[in-house]
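Below is one structure, written out as structure tokens; the observations come after it.
The values are calculated or read from the model by the stated rules, or taken from the named source; none is laboratory data. As the structure is a prediction and not an experimental result, all values here were calculated from the model. Using ideal geometry, Cβ is built from the backbone for each residue, glycine included, and neighbour counts are taken over all protein chains shown. Surface accessibility is based on the protein's heavy atoms, side chains included, excluding ligands, DNA and RNA. Shrake-Rupley method; radii C 1.70, N 1.55, O 1.52, S 1.80 Å.
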There are 4 protein chains.
Amino acid sequence: MKVSVLSALRTVTLQDRPMPEPGPGQVRVKVAAVGVCGSDVHYYVDGKIGSAVVQYPTVLGHEPAGIIDAVGEGVNTLAVGTRVAVEPASPCMHCEHCLAGRHNICPSVEFLGTPPFDGIFMEYRCMPAHCCIPLPEGMSLIEGALLEPMGVGLHAVTLAKIGFGETVAIFGAGPIGLSTMMAARLAGAKEIYMTDLIPERVAYAKDLGATDAVNAAETDVTDWIAQKTGGRGVDVTFEAAGQQQTVTQTCETVRIGGRAFIIGIPTVDEFTIPMHVCRRKELLLQQVRRANGEVFRCMEYVAQGRIPLKKLATHTFSLDQVPQAMELVHAHQDGVIRAMVLPHGDLD
Amino acid sequence: MKVSVLSALRTVTLQDRPMPEPGPGQVRVKVAAVGVCGSDVHYYVDGKIGSAVVQYPTVLGHEPAGIIDAVGEGVNTLAVGTRVAVEPASPCMHCEHCLAGRHNICPSVEFLGTPPFDGIFMEYRCMPAHCCIPLPEGMSLIEGALLEPMGVGLHAVTLAKIGFGETVAIFGAGPIGLSTMMAARLAGAKEIYMTDLIPERVAYAKDLGATDAVNAAETDVTDWIAQKTGGRGVDVTFEAAGQQQTVTQTCETVRIGGRAFIIGIPTVDEFTIPMHVCRRKELLLQQVRRANGEVFRCMEYVAQGRIPLKKLATHTFSLDQVPQAMELVHAHQDGVIRAMVLPHGDLD
Amino acid sequence: MKVSVLSALRTVTLQDRPMPEPGPGQVRVKVAAVGVCGSDVHYYVDGKIGSAVVQYPTVLGHEPAGIIDAVGEGVNTLAVGTRVAVEPASPCMHCEHCLAGRHNICPSVEFLGTPPFDGIFMEYRCMPAHCCIPLPEGMSLIEGALLEPMGVGLHAVTLAKIGFGETVAIFGAGPIGLSTMMAARLAGAKEIYMTDLIPERVAYAKDLGATDAVNAAETDVTDWIAQKTGGRGVDVTFEAAGQQQTVTQTCETVRIGGRAFIIGIPTVDEFTIPMHVCRRKELLLQQVRRANGEVFRCMEYVAQGRIPLKKLATHTFSLDQVPQAMELVHAHQDGVIRAMVLPHGDLD
Amino acid sequence: MKVSVLSALRTVTLQDRPMPEPGPGQVRVKVAAVGVCGSDVHYYVDGKIGSAVVQYPTVLGHEPAGIIDAVGEGVNTLAVGTRVAVEPASPCMHCEHCLAGRHNICPSVEFLGTPPFDGIFMEYRCMPAHCCIPLPEGMSLIEGALLEPMGVGLHAVTLAKIGFGETVAIFGAGPIGLSTMMAARLAGAKEIYMTDLIPERVAYAKDLGATDAVNAAETDVTDWIAQKTGGRGVDVTFEAAGQQQTVTQTCETVRIGGRAFIIGIPTVDEFTIPMHVCRRKELLLQQVRRANGEVFRCMEYVAQGRIPLKKLATHTFSLDQVPQAMELVHAHQDGVIRAMVLPHGDLD
């Protein structure tokens, strides 16, 4: 079977590997769709995210859906042919964080496509059976693969505990920012304002449900939010771009007593925070780390039509086109939101 | 009556002003004791804190206790002779934050000794009656004046929601750091580690109840906390020094999934935050802003002997010695924790 | 002007009273629409709710909207002609509960139509200006009057802190149960099950957005919920009927670790609780008391079309028909959900 | 080895069983001390608690400490000779409640001495290694056995989220009520009031740290709390007796907006709740179910001397005296708080 292998910075080749056989408690997944995440691109272009450094050769990709192709010993909950979303995280289940129900911060988690674990840009992969969640009727495999980024948005909004009548600003309208917007809307946010530097993304934000959106290259964001809120600021801000400027905006545009959340993966090791601004607001500033199974608890929302998830998938690529997909996402070209790699073509 | 007036940077003179008469709903307080806070020193030395800029002439001082000296029309809850602590904050009671019970972030608060409001380094001052809280039996006036900084510690620990078995680190062992430590201990923290750069403060920390304390000039703080906690870090960190180094330590020494609180007033406008470190921990980082009446709801703790508050007062000064008190606190000399100004000498 | 006066059990007459003049800080409201609440009917039929006993003569009615007709001294935020919803509660703003932001449990609240305060089944009434909230553009006066019961539902769901993917059951599909359902849906509940004894209400529940609804006279409710949830029970239950049977159902149908909320005004002083059932679930059971301004913070939802509020108003009456309205609601006749009294006819 | 077997209501005999051998992941514990819990007495006297019905023969006892006597395959964290407290609960770790960190409500938990699982009134018992927690230096085996009831108090106070300045009432001063009191005090409660019907327990309550305590047989409890709190009621109430009267008191003596917790195991299936009283207070009423590992996270408090745990153990019995211990506890005779069974005599 074919595997897309990263052997150096921006160097990907398609290689043959033997078809894997599922061990006890495992299943083999025929990989149908894998989203190209910003973190994949970080590893592809920079070879690292913070202290997590790629060990070559490796395989990227961690937003998959597929079809059960074979089942290992002791697996009786999944049958061959079942269409599943694949949870990329296998937390240890024994550390204090897992015991407290915060599996997303387990320091011993095995996460697809994160050093030193191989990802899933490949035709077949064996996975623990408990990581494979059957898709509800009517959900496509591409939607199934989009559940993972959607989960990040749901997790961010869960942390933010958005209440009735609250107003929200989201800085960055890529897949994570848009997922966060859809989650905030689902949670009852009254108004949601978004920004991005790419015109297509600004348009997407409005189309998918933001109250309003502007291009931050053309509009002073702090002024705009002040104007939209009568000078008060919004109740909750989400940073979904990983930039100093947007981090500063999350602090500046949130109201006194508000909550700010940083989701974006930063491009540098340190950002500055405007301390007096934050202090006068008694600001709560929280980092957001991946997701904690939220989406698998509520994937029915997509089937119910309450989250227009499919619209996030703007481009599809075959497995040998992983480099092209990476470069496209890196360059933010052609209005890309989420690029999907389909190792077996369209299985939906 | 005498008033200690600040007319320029580090320029204080004692002036005569007419004895004030209490208006309706007001009382006149014979000022017995006023603590010298770090924020007083900021205004004295720098003329500003962030965007709050002194308008000369002004009067500093906002941690008072005294004796009711006269009562205005309509005041029937306080009698002449009653010993009271004075709440320095008069929130508006009508903004959304006051309505939500977060009076400490009221943007329209009138706060003693904060531009543009005069403080209380003076012999007599009229105050709204509702700001004057009778002291429990057995509490001294100096203890009454120390309730205000103690309230900041109680507020910080309230925000931190410290639970059973939790471990704490506090960076900075001045009056606020020590108050926070005593509050954390009262809330049931299992272990509390403290640091400071001044040997007397390190000794004070241990004496007042910290599990252990070190001099950060001599010990690598991050290593020390790692060693004390078996590499895990503490559950909650409090920054009580206003320095870049200690802000970094609050992020580095807190455990994965932990909570960090910044209480110290920063000396500069911006601090840097180690983003990847914080992101991997899904860190919650919250600023702490003054106090929200906590101490007046539980001043009996001091009378019960559960908070050794009096030990914070290390030095006393007369009203004409305000400059000496300011300079002493600014220089952190002579092992000073809290210097108290006693406008009428010792009334206890 | 005309006033609908209750002078004994089930005895209402239309009387003339002088046109009231607004005092300082007050406005005079031309009353456009007043909903007939179940608590009005309790006072009308029983003369009391628990220890709150009617003192005759009195005026009922506390769910009003109207038009500003005159303004008193010092009122500069409202102009004659402004269409407003009227908040029926005037909390004291000084007790510990008001200070903590829980105005709905203020023991000194003055609440329209609750002993000993007159309500608003009348043509004109003077109100504190701060109780009158201008309606957003496009909202009808009848919708404005429906904001008050809607607020109860929003408050109940606020207390319940409904999260993503949660399932809900609501026992009772009258105006409060339906408001709670619409609020739970707005907050992102995944599935909402409802019951009632009246066929029209069951149909209404489905029509307004419940996932499913049954007639509790024909279906075993506990079995039904068990079947719908695969034996697990729902995450959150709301009791909105005030009956022993529905209280028992809130305990029996909620999942282990779930939360149950009692909104309905009970018909008797005591209900029994199945203790072992509740203990094994570590059940959280909370009473819900009126509302805490939620609806006035988010009345725009109605204007945005996210709450189909208007459908709750099924019947209209003139001011002289208050007795007929009361009897209709008491008898649950003719498919009534909310009956509206329009003292001046249709002003929309 | 000897085992204390319950073969019918109030029928206990000492029997010989073969010495058990630890399987993989297990250890054999030489049982040093086992507390006699009220739930043991329920099973002994009534044969059931709610729907949990004893299947004879069985063994009771679930509050143990002991010494590691042998280790099974794969156990490398515990050595022979280690003194340990034994966690009586083995939750499934896979259900939604375990995944959410609420192991105490796991419906598949295996709990010592609860149908259908044998308890630990025996000389030796094999246990999963992860249930055995080494005692801190200086803690006696009897204290180790008392950690389990102490954990219930810590769990109750954890659920109650007691904050600074809060006042507490506890109805029932047996081991659980006293543990709750010590936990509430550790958490910073300002005042704690207790009641019981047994004079020795009232005295114990005062001795161990309650602010005040009265005999409910002689004092009107509701009046007493009203008087102690100026008519306001306390912030938090705990029921620790399992009686209708004390359940009613938790509702009546708690302040408006307060929180009430039911810990006691009820003697009947249903209790009545005063609905109008609770509704006007918007009362939060929560059941408390066992403990969630709190005590093992903070057993050092006992070693630090912050919880006077040892005083709870008032009587000791040998293994053949289990019936006498049960009857003593059932009759509340001789001032018993916690009776301890020591299968091997005093090993401390």
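Residues that are open to solvent by less than 10 Å² (accessible area, probe 1.4 Å) and farther than 25 Å from C:Thr158 by Cα within the range A:175-200 comprise A:Gly177, A:Leu178, A:Met194, A:Thr195, listed in sequence order.
Would you mind stating whether A:Gly242 is more than 28 Å from A:Thr114 (Cα to Cα) and either within 20 Å of the chain's Cα centre (by Cα) or open to solvent by 20 Å² or more (accessible area, probe 1.4 Å) (or both)?
Values: more than 28 Å from A:Thr114 (Cα to Cα): no; either within 20 Å of the chain's Cα centre (by Cα) or open to solvent by 20 Å² or more (accessible area, probe 1.4 Å) (or both): yes.
Taking the combined requirement at face value, the residue does not satisfy it.
Out of D:Gly257, D:Gly231, D:Gly293, D:Gly264, one residue alone is farther than 30 Å from D:Ser51 by Cα and out of contact with any His (no Cβ under 6 Å at 6 or more places or on another chain). It is D:Gly231.
Do you know which of the residues in the range C:56-75 that are charged (D, E, K, R) and open to solvent by 20 Å² or more (accessible area, probe 1.4 Å) is farthest from C:Val152 (Cα to Cα)? So, considering only residues that are charged (D, E, K, R) and open to solvent by 20 Å² or more (accessible area, probe 1.4 Å), the one farthest from C:Val152 (Cα to Cα) is C:Glu73. Taken over the range C:304-344, residues that are open to solvent by 30 Å² or more (accessible area, probe 1.4 Å) and either at positive phi or among the hydroxyl-bearing types (Ser, Thr, Tyr) (or both) amount to 6.
With the range A:119-189 as the region, which strands (runs of 3 or more DSSP E) entirely inside it contain at least 1 residues that are farther than 30 Å from A:Gly74 by Cα? Steps first, please.
Details: elements: A:124-128, A:132-134, A:167-171.
Here the list reads A:167-171.
Against the test of being of a type outside the set (Gly, Ala, Ser) and in contact with a Ser or Thr (Cβ under 7 Å, 6 or more places away or on another chain), the options D:Val295, D:Val322 yield a single qualifying residue, D:Val322. If we keep just the residues of the range C:94-108 that are in contact with a helix residue (DSSP H, G or I) (Cβ under 8 Å, 6 or more places away or on another chain) and within 9 Å of chain B (Cβ to nearest Cβ), which is most open to solvent (accessible area, probe 1.4 Å)? Ranking the candidates gives C:Leu99 first. Those residues that are without any contact (Cβ under 8 Å) to a residue 60 or more places away in the chain, crowded, with 19+ Cβ neighbours inside 10 Å and out of contact with any Lys or Arg (no Cβ under 9 Å at 6 or more places or on another chain), I need them from the range B:201-223; list them, please. If the condition is that a residue be without any contact (Cβ under 8 Å) to a residue 60 or more places away in the chain, crowded, with 19+ Cβ neighbours inside 10 Å and out of contact with any Lys or Arg (no Cβ under 9 Å at 6 or more places or on another chain), then B:Val202, B:Ala205, B:Val214, B:Ala216, B:Val221 are the ones that fit. I'd like to verify a number: residues in the range A:172-196 that are away from every other protein chain (no Cβ under 12 Å) and within 15 Å of the chain's Cα centre (by Cα), how many? Within the range A:172-196, residues that are away from every other protein chain (no Cβ under 12 Å) and within 15 Å of the chain's Cα centre (by Cα) number 10. Here the range A:237-285 is the region considered, the condition is being under 22 Å from B:Phe261 (Cβ atoms) and acidic (Asp, Glu), and the residue that is farthest from the other protein chains (Cβ to nearest Cβ) is A:Glu252. Counting residues in the range C:262-275 that are at positive phi and either surrounded by fewer than 23 Cβ atoms within 10 Å (Cβ to Cβ) or not assigned by TED's automatic domain parsing to the domain that holds C:Thr222 (or both) gives zero.
Residues considered: D:Val53, D:Val45, D:Val36. Of these, the only one that is outside the structural domain of D:Ala240 (by TED's automatic domain parsing) and open to solvent by less than 10 Å² (accessible area, probe 1.4 Å) is D:Val36.
Can you spot a residue in the range D:284-302 that is free of Cβ contacts under 8 Å to residues at least 24 places away in the same chain and outside the structural domain of D:Asp46 (by TED's automatic domain parsing)? Yes, there is a match, as at least one residue in the range D:284-302 is free of Cβ contacts under 8 Å to residues at least 24 places away in the same chain and outside the structural domain of D:Asp46 (by TED's automatic domain parsing).
May I ask you to list the residues in the range B:197-233 that are part of a helix (DSSP H, G or I), β-branched (Val, Ile, Thr) and under 22 Å from the mean Cα position of the chain (by Cα)?
Our first condition is that a residue be part of a helix (DSSP H, G or I); within the range B:197-233, this holds for B:199-208, B:221-228.
Those still in the list that are β-branched (Val, Ile, Thr) too: B:202, B:221-222, B:225.
Correct list: B:Val202 only.
In the set B:Arg10, B:Arg17, B:Arg28, B:Arg83, only one residue is closer than 30 Å to B:His332 by Cβ and over 20 Å from the mean Cα position of the chain (by Cα); that residue is B:Arg10.
Selection over the range D:76-93 of residues that are of a type outside the set (S, T, N, Q), more than 14 Å from chain A (Cβ to nearest Cβ) and either free of Cβ contacts under 8 Å to residues at least 12 places away in the same chain or buried (at least 16 other Cβ atoms within 10 Å of the Cβ) (or both) gives a count of 7.
With the condition kept exactly as written, say whether any residue in the range D:270-285 is over 16 Å from D:Met181 (Cα atoms), touching a Leu at 6+ places or on another chain (Cβ under 6 Å) and of a type outside the set (Lys, Arg). Before the answer, list the steps.
Going residue by residue through the range D:270-285, those that are over 16 Å from D:Met181 (Cα atoms) are D:270-285.
Right, trim to touching a Leu at 6+ places or on another chain (Cβ under 6 Å) and you get D:285.
Remaining after also requiring of a type outside the set (Lys, Arg): D:285.
Yes: one or more hits.
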